[in-house]
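Below is one structure, written out as C-alpha cells; the observations come after it.
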Amino acid sequence: MNTLTWLLPAALGLLLLWMSWRYASLRRKLDAYTRTVRRAAGSEKPALELPTDTPGLEPLSNTVHSLAAAYTVQLSQLEAERARLAAILEQLTDGILIADANGLLRMANPAAEKLFGGAPLTGRSVAITLRHHQLVETWRKCQNSGEPQSETVELPATRKYLQLIALPDQNTGGVILMIQDLTHQRRLETVRRDFISNISHELRTPLASLKALAETLQDGALDDPPVARRFLARIQTEVDALTQMASELLELSRIESGQVPLELRRVSPEKLLHSTAERMKVQAERAGVSLQVECPPGLPEVRADAPRLEQVLVNLIHNGIKFSRASGEVRLSARLEGDFICCAVADTGAGIDPDDLPRIFERFYKADRARTKSGGTGLGLSIARHLVEAHGGKIWVESEPERGSVFYFTIPLA
Ligand code: ADP
C-alpha cells in the first residue's frame with residue numbers, strides 16, 4: 001500500500017514530464033513547418049519548396065504538398081488559358097473593350113485602340129472613349145439593365161460604319177463591348193447595289209430603242225427599202241454598243257478579280273506613246289482632231305505589260321478625241337518623276353465639271369448623260385484606273401470646263 005502511494009504520483013509526474021517534452025518538440029516542428037509553408041507560399045512554385053514526409057508531421061506535410069501540387073497545375077492551366085485568350089484578343093480584327101461597373105476601361109485590344117484613335121485606352125472612361133451618343137447610350141442601357149444590347153452607327157468625323165454589341169459581364173458587374181468595323185462591307189454593298197442599278201439603266205436604253213426599231217420595221221418600214229436600211233444601220237449601232245459594253249464589263253471583272261496577270265517587261269515609254277498614237281491616228285483624223293506626241297528622248301524604261309498600258313492610253317486618247325470639237329488637239333507626253341514615268345494625255349475639249357471630277361473613274365459614271373448619250377459605257381476610265389493601279393501606279397485628272405482636260409498616270413521605272 002505504501003509503495004503504491006508514492007509510485008502513482010511518481011508515474012503521473014513522469015507522464016506529465018514526457019507529455020510536456022512531446023508538446024514542446026511538436027510545437028518546434030510545427031513552428032518550423034509553418035515557416036517553411038509561409039516561405040513556399042511566397043514563391044512561384046510552392047510545391048517544389050514544400051517538404052513531404054516531415055518527421056513527426058508526415059500526414060500533414062504530405063497533404064499540404066499534394067494541395068500545393070494541384071494548385072500549381074491549376075495555376076499553369078489558367079496561365080495557358082489566359083495567354084491563349086490574350087493572343088486571340090491581340091489578333092482579333094474586331095475591337096474588344098472590357099469596362100468595370102464604374103464605367104472605366106479595364107482592357108482594350110489593339111483593334112479597339114486603332115478604332116478609337118490609336119492611344120492606350122485602359123483606365124479611360126467608356127463615355128469619353130466611345131464619344132458617339134448612341135454608342136454611349138447602348139453601353140449605359142446594358143450596364144443598367146444587365147441585358148445584351150446592340151447598335152449600328154456611322155461616325156461623322158471618320159465616316160466609319162460601326163456595330164457595337166454590349167454584353168453584361170456577370171463576374172464584375174461591368175460590360176464587355178464588341179465593336180465591328182462594317183465600313184468596307186457596307187461600301188461593297190453600295191458598290192454592288194449601284195452596279196446593278198447602273199447596268200439595268202445602261203441596258204434599258206439600247207434595248208428600248210431596239211424594240212422600237214424592230215416594231216417600226218414590222219409595222220411597214222420593211223416595205224420601204226431606204227427607210228429599212230437606215231433602221232437596220234441603227235439596229236447595228238445599238239447592237240455594237242451592247243457588245244462593247246458586254247466585252248468591257250467582262251474585261252473589267254477579269255481585271256478586278258485578278259484574272260489578268262500582268263506580263264511585266266522593260267518597256268520604252270517613248271516607243272509606247274508613238275505606237276499608240278499611230279494606232280489612234282485614223283480615229284483622230286476622222287474626228288478632225290490633231291494627235292501629237294511630245295516625249296524627251298532617252299527616258300528610262302518602265303516595268304510594264306505593254307499591251308495593257310497601251311489599252312490605258314487608247315482609252316484616254318479615245319476620250320480625248322470623243323470630247324473634243326473638230327480642230328481640237330490631243331497631246332501625249334511623258335516625263336521622269338522620281339522613280340516613276342508620268343504620262344499625260346491632254347485635250348482641248350469640253351472639260352469636266354468640278355462636281356464630276358472625283359467620280360469619273362467609277363464604273364458606269366458619265367459626267368454629262370445628255371452629251372455622252374451617243375456613245376460610251378462609262379467603263380473606259382474604270383478599266384484604265386485598275387490597269388494603272390495593277391502596275392503600281394496612280395491615275396488622276398485635272399480639268400477645266402470648256403478648256404480641256406489632262407489625264408495623268410504614273411508607272412514605276414524598270
Ligand atoms: P465613256 O465610255 O463614257 O467615255 P469613261 O469611263 O471613259 O466612259 O469616262 C467617264 C466619263 O468621264 C465620260 O462619260 C465623260 O463624261 C468624262 N470624261 C472622260 N474623259 C473625258 C475627257 N477627256 N474630256 C471630258 N470628259 C471626259
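The values are calculated or read from the model by the stated rules, or taken from the named source; none is laboratory data. Just so it is clear, the model here is predicted, and its values are computed rather than measured. Methodologically, a virtual Cβ is constructed for each residue, glycine included, from the backbone with ideal geometry; neighbour enumeration extends over all protein chains shown. Quick note on the areas: whole protein, heavy atoms, side chains included, nothing else; ligands and nucleic acids left out. Shrake-Rupley method; radii C 1.70, N 1.55, O 1.52, S 1.80 Å.
Lys-Lys pairs in the chain that are eight or more residues apart or on separate chains and whose Cα atoms lie under 26 Å of each other come to 17.
Looking at the chain, what % of its DSSP beta bridges pair antiparallel, to the nearest 5? Please report the intermediate quantities before stating the final value.
Values: 50 of 55 bridges.
Of the beta bridges lying entirely in the chain, close to 90 percent run antiparallel.
For a distance above 40 Å, tell me the whole-number percent of Cα pairs in the chain that qualify.
Working: 46932 of 85491 pairs.
Considering the chain, 55 percent of its Cα-Cα pairs are separated by more than 40 Å.
Here THR5 sits with roughly 90 square angstrom of accessible surface, probe radius 1.4 Å.
For the pair GLU301 and GLN244, a Förster radius of 30 Å applied to the C-beta separation gives a FRET efficiency near 0.40, rounded to the nearest 0.05.
Using a simple spin-label model with pseudo-atoms 7 Å out from Cα toward Cβ, ARG266 and VAL73 lie 6.9 nm apart. Take every DSSP beta bridge whose two residues both sit in region 231-339; close to 40 percent of them are antiparallel. The slack in the chain from ARG84 to SER43, taken as 0.36 nm per residue of separation less the alpha-carbon distance, amounts to 12.3 nm. Surface calculation, 1.4 Å probe, protein heavy atoms: SER333 sits at approximately 30 Å² accessible. Farthest toward the positive end of the dipole of the chain, out of ALA384, THR63, LEU242, is the Cα of THR63, where the dipole comes from beta carbon charges about the Cα centre.
Based on a Kirkwood Rh over C-alpha pairs, give the Stokes-Einstein translational diffusion coefficient of region 51-119 at 25 °C and viscosity 0.890 mPa s in µm²/s.
Numbers: Rh = 15.4 Å.
Translational diffusion coefficient: 159 µm²/s.
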